[in-house]
Amino acid sequence: MKPVRVAVVGTFAVGVTLRSSRLPAFGETLHAEGLAVGYGGKGSNQAVACARLGAEVELATCVGPDAFGEGARALYRNEGVGTRWTKTGSLPTGLGVIVVEPGGRNAILVDIGANREMDERFVDERAALLDGADVLLTVTEAPLVAVRRSIELAYSRGIPTVLNPAPAVPLDQSLLFKVTVLTPNASEVAALTGREARSLDSAAAAARELLRRGARNVVVTLGEDGAVACSAEGTVHVPAIAVRVVDTTGAGDAFSAGLTVAMAEGRSLVDAVKFAVRCGSLACTAAQVIPSLPRRADVERSV
């Protein structure tokens, strides 16, 4: 079967990970261990994950004129991610700091750095990124003007779009309507709607609120509880698969990639979510983001 094609507009950043017994309170210093430096940024992670799942991927992002930027290009060459639309900007490469607790929970701070140079002009100059694409995948970690413009271009060409609203930012009705599937996690859907999402029922209610505000399909990721898919046809809960959790940091990126690739392959929303849940679950079984992103064979074996 011919590989599907995925266009990604998103961020690259270097991730610095520390392991701690717990997250520090404000003003508190804790000893940590297990320092690891890896490549990340949600757009970049999701592009790599899509490639590992068998898609042909082109990524539009911006890196700095530094060693980290050179490392990004080397990563994409090794993973088979196209770099034709990757720009070397004038600002330093983005940086993220991740603190991971023993149970796998994490907290993340990000300075997007060179990604700030992604604007409407950046996207317009890379409109050919969408030529032949089956799905556009983008994430609100990138500047919203670039995200909005990429979605508008995809919508005008009839290309389905997956928007991962991480972090949560205000999304108006005109943008929501042009997104095929919106994929917030529990905290993000709560921020977007002002509704709690602490249970399956409350997450589904928050998702339905987004439908009322103009979203076409909403999939809320719920960690160990799987995901809830909500559309005009109804709400479906897809449970996670049982795994030994090591680090949840890359789970959301693996989920978004799995959903995107499955949609590009023509699967229904529910079937795409089932595939994505397996991808996200498997990503929890290894430390750090890039090493944890599953390959297609891993996902197929998990059925």
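The values are calculated or read from the model by the stated rules, or taken from the named source; none is laboratory data. All values reported here derive from a predicted model rather than from experimental measurement. FYI the Cβ positions are ideal-geometry reconstructions off the backbone, even for glycines, and counts take in every protein chain you see.
Values for this structure:
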quantity	calculated
Matching residues, segment 15-43, being crowded, with 23+ Cβ neighbours inside 10 Å and either farther than 18 Å from PRO92 by Cβ or of a type in the set (D, E, K, R) (or both)	THR17, LYS42
Of all residues making up segment 257-282, the number that are part of a helix (DSSP H, G or I) and closer than 11 Å to VAL135 by Cβ	8
Any chance ALA49 is in a helix (DSSP H, G or I) and either within 15 Å of VAL261 (Cα to Cα) or among the β-branched types (Val, Ile, Thr) (or both)	yes
Residues that are surrounded by fewer than 21 Cβ atoms within 10 Å (Cβ to Cβ) and in a helix (DSSP H, G or I), drawn from segment 113-129	ARG116, GLU117, GLU120, ARG121, ASP124, ALA127, ALA128
Tally, over segment 130-143, of residues that are surrounded by fewer than 16 Cβ atoms within 10 Å (Cβ to Cβ) and more than 16 Å from VAL57 (Cα to Cα)	0
Identity of the residue in segment 198-225, closer than 26 Å to SER21 by Cα and not in a helix (DSSP H, G or I), that ends up farthest from the chain's Cα centre (by Cα)	ARG198
Flag if LEU23 is out of contact with any His (no Cβ under 7 Å at 6 or more places or on another chain), at negative phi and part of a helix (DSSP H, G or I)	no
Top-ranked residue in segment 252-303 [being at pLDDT 95 or above, among the charged types (D, E, K, R) and more than 14 Å from the chain's Cα centre (by Cα); ranked as farthest from VAL236 (Cα to Cα)]	ARG295
Unmet requirement for GLN46, which otherwise passes all of (1) touching an Asp or Glu at 6+ places or on another chain (Cβ under 8 Å); (2) at pLDDT 95 or above; (3) surrounded by fewer than 21 Cβ atoms within 10 Å (Cβ to Cβ)	(3)
Complete set of residues in segment 71-88 that are over 20 Å from the mean Cα position of the chain (by Cα) and either of a type in the set (Val, Ile, Thr) or buried (at least 20 other Cβ atoms within 10 Å of the Cβ) (or both)	THR88
Selection count where residues are buried (at least 18 other Cβ atoms within 10 Å of the Cβ), out of contact with any Lys or Arg (no Cβ under 7 Å at 6 or more places or on another chain) and without any contact (Cβ under 8 Å) to a residue 60 or more places away in the chain, scope segment 238-261	2
Filter pass, SER90 being in contact with a helix residue (DSSP H, G or I) (Cβ under 8 Å, 6 or more places away or on another chain), farther than 20 Å from THR138 by Cβ and modelled with pLDDT of 95 or more	yes
Sole exception among (1) buried (at least 16 other Cβ atoms within 10 Å of the Cβ); (2) within 21 Å of CYS50 (Cβ to Cβ); (3) basic (Lys, Arg) for ARG295, by number	(1)
Positions within segment 223-237 being at negative phi and surrounded by fewer than 24 Cβ atoms within 10 Å (Cβ to Cβ), in sequence order	GLU224, ASP225, SER231, ALA232, GLU233, THR235, VAL236, HIS237
Candidates PHE12, PHE68, filtered to the one that is surrounded by 19 or more Cβ atoms within 10 Å (Cβ to Cβ) and without any contact (Cβ under 8 Å) to a residue 60 or more places away in the chain	PHE68
Residues of segment 89-112 satisfying the condition of being crowded, with 16+ Cβ neighbours inside 10 Å, over 18 Å from the mean Cα position of the chain (by Cα), farther than 25 Å from THR285 by Cα and of a type in the set (Gly, Ala, Ser)	GLY89
